[in-house]
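Colleague: To start, I am sharing the structure in question, which I have written as structure tokens.
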Amino acid sequence: MMRSDDFEERRRHLAHMSNEELARYFWELADKVVQPLVDLARTHTSPSIERSVLLRMGFSSLEAKTIVDKCAEKGLLGKGAGHVVWKLANARGMCVRDAGVALAEGRLWDEAAALFGFRR
């Protein structure tokens with residue numbers, strides 16, 4: 001029974017390729033398909049990603065949630081919650097943990113926002 005699709009026609013440009021060439025072509029196409037996702041991941045974030053970053057920086061889930069929520073409220077989430085904590089710690093000459101705890105306790109937010117050019 002003959003297939004009624006156009007498989008033979010669609011594969012014509014691949015027929016002359018060796019297995020190595022096909023593999024290389026496959027990965028080239030896979031890179032093209034995935035690249036928009038990679039670009040999106042580089043330029044966008046979400047509260048869950050930022051909480052995850054803070055958890056890996058050693059903050060508790062409650063501290064991370066509080067810091068991320070406040071970053072969103074202050075318009076700083078796009079800067080990265082971990083970046084906010086790290087930049088505040090560097091500016092004040094304190095450890096990252098102390099800077100994050102201060103933010104989780106609701107302190108130093110104006111200073112953190114000012115470090116990113118935000119005036120409140």
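Colleague: Scan region 8-30 residue by residue and report those that are open to solvent by 100 Å² or more (accessible area, probe 1.4 Å) and among the charged types (D, E, K, R).
Modeller: Scanning region 8-30 gives Glu8, Glu9, Arg10, Arg12, Glu20, Arg24.
Colleague: Another question, if that's okay. Read through the list (1) without any contact (Cβ under 8 Å) to a residue 12 or more places away in the chain; (2) under 14 Å from Leu103 (Cα atoms); (3) within 14 Å of the chain's Cα centre (by Cα), then give the number of the only condition that Leu40 fails.
Modeller: (2)
Colleague: Restricting attention to helices (runs of 4 or more DSSP H) lying wholly within region 48-120, give those where 1 or more residues are touching a Pro at 6+ places or on another chain (Cβ under 8 Å) and open to solvent by 60 Å² or more (accessible area, probe 1.4 Å). Lay out the reasoning, then the answer.
Modeller: Details: elements: 61-74, 81-92, 96-104, 109-115.
In region 48-120, the matching helices (runs of 4 or more DSSP H) lie at 61-74.
The values are calculated or read from the model by the stated rules, or taken from the named source; none is laboratory data. The shown structure was predicted, so the numbers you read here are calculated from the model rather than taken from an experiment. With ideal geometry, Cβ positions are generated from the backbone for all residues, glycine too; neighbour counts draw on all protein chains shown. Calculation scope for accessible area: heavy atoms of the full protein, side chains included, ligands and nucleic acids excluded. Shrake-Rupley method; radii C 1.70, N 1.55, O 1.52, S 1.80 Å.
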